[in-house]
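Report on one structure; see the data block that follows.
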Amino acid sequence: MYKVTSNIAEEFISHDEINETMAYAKAHAHDRALIEGILNRAEECKGLTHREAAVLLDCELPDLTERMYDLARRIKQRFYGNRIVMFAPLYLSNYCVNGCVYCPYHYRNKNIRRKKLTQDEIRQEVIALQDMGHKRLALEAGEDPVNNPIEYILESIRTIYDIKHRNGAIRRVNVNIAATTVENYRKLHDAGIGTYILFQETYNKELYEQLHPTGPKHNYAWHTEAMDRAMQGGIDDVGIGVLFGLDTYRYDFVGLLMHAEHLETTYGVGPHTISVPRLCKADDIDTADFSNCVPDSVFHKIVAVIRIAVPYTGMIISTRESSRSRERVLELGVSQISGGSRTSVGGYVREEREEDNSSQFDISDRRTLDEVVAWLLDLGYIPSFCTACYRAGRTGDRFMSLVKSGQIANCCHPNALITLKEYLQDYASPTTRDKGVAMIAHELQNVPNEKVRKTAEDFLKQIENGKRDFRF
Ligand code: SF4
Ligand code: SF4
């Protein structure tokens, strides 16, 4: 039985409701009146139900599909402007007791070299990341109660926040670790994490259990109810996602939106972010083993419909995607991207070598952060290193009400300019700096409030004179 506010996984992600939704969407793929009605409603930017979104995803009318893409672009522009928030993953440990069949960290993989960073190695990695210009990290670690207990994660977070190196600082640490207890979520909250991120991989219980044959992750309910426990532990910014390509994209797309609806209806705050990784090649993993791989055209449509269905939720894409694919999805809805990423343990200090073989997946976009920043500037985007909200206590429902009223843009836009300025002063190559300076001069004119503009100009001057860390 489908119950959106239930605390039981199989009720808020109802298999029957997903199947009925997919059948309904398929039956209405050519239903012009229905699709037009949904698009009209979506214009209000208040989001859509999972059923309405599924109909848009299945729409086979070319003119209405074009209208959908156009709407996704306009919603993206309205809520996120031309700002793109930058982050980098930091892999702490690839020890893992789980048997996920699509991930090379699964415990049976003997080809991979197992590594866990010491606190000193974390310091070195973070200094390397700071020297690139990063301010926002996503911590990644396999599940292993002996090698990666919660105390290790908490100590690592403290280490990271404590490092002050030249003008660098990591100002927001997001955490992507295995589902855990309310008590541990409270500890993560108290350690000052930004977003807690956990991907569902697939919402199909039967397939989920096959893909996770052993280890604690095998427990579908424990994993699926993790965000509820995180909320109970005081974490109100949570990031969800699926690994597209495991089940059919239609099934997981509907499941993902049902999960977002569950969080919004139950806790009054939907997911802070949605990530859209696609299955890709890695050691001991062959994508040919998976028959549901998502082609580019469908992937782009998924991003566009998510943008329309949950306008207030940030959307993240990693370096798994090529620069070409990233360019397309930035336009349609993605608001955060990683740059200069290494997906191996210790990979920022020491470039991964063949014999190391410790990375989680192959990277498609191998450019440096400076190259990614220059590329974004060329495309007309403002790369933003902003971390202001979490540090100003704007999280959960306080954050969402600012986003929904559109007021957040009054912070995001000037914050993007001042954090870009810091990046240009401290880390950019001369060519990137020139592009960035021109972008800031141009975009300052787009700060509508005169008082805010004057303050931003003052902050920019102070940054030139060596001061750092301003925010709105
Ligand atoms: Fe471990 Fe996560 Fe990889 Fe599964 S996906 S094997 S839990 S690191
Ligand atoms: Fe994100 Fe808040 Fe900064 Fe905007 S002001 S970019 S929402 S942290």
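Values quoted throughout were computed directly from the atomic coordinates according to the rules given, and no laboratory measurement underlies them. Note that the structure is a prediction, hence the values are computed from the model and not measured. Cβ: placed from backbone, ideal geometry, glycine included. Neighbour counts: every protein chain shown.
Structure above, values below:
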item	result
Helix-only CD estimate at 222 nm, as mean residue ellipticity for the chain, using -39500 (n - 2.57) per DSSP H run (n ≥ 4)	-14500 deg cm²/dmol
Distance (nanometres) between label positions extended 7 Å along Cα→Cβ at Asp458 and Val349	4.2
Of Leu198, Ile418, His272, farthest towards positive along the dipole that unit charges on Lys, Arg, Asp, Glu beta carbons give the chain	Ile418
P(r) histogram, all alpha-carbon pairs of region 307-374 included - 5 Å bins from 0, percent	4, 16, 23, 21, 15, 11, 6, 3, 1
Charge dipole (region 1-142, unit charges on Cβ, about Cα centre) - positive-most of Asn109, Ala141, Leu129	Leu129
Cα radius of gyration and Dmax for region 20-76 (Å)	10.5, 30
Anchor Lys76: lysines whose Cα lies under 28 Å away (excluding residues fewer than 8 positions away in-chain)	Lys26, Lys46, Lys135, Lys301, Lys404, Lys421, Lys435, Lys451, Lys454
Contour excess over end-to-end distance, with Cα ends at Asn292 and Lys451 and 0.36 nm allotted per residue	52.0 nm
Taking the C-alpha atoms of region 188-269, convex hull volume expressed per residue in Å³	89
Region 83-388, relative contact order [Cα under 8 Å, separation at least 6], %	24
For region 251-379, fraction of C-alpha pairs farther apart than 26 Å, in %	31
Cα-centre dipole for region 255-324 with unit charges at Cβ (Lys and Arg positive, Asp and Glu negative), debye to 20	320
Inter-label distance for Asp120 and Leu34, nm, one decimal - labels placed 7 Å from Cα along Cα-to-Cβ	6.4
Spin-label model distance (nm) - Ile127 vs Asp362, 7 Å beyond Cα toward Cβ	3.4
Where Rh is the Kirkwood radius over Cα pairs, Rg/Rh for the chain	0.95
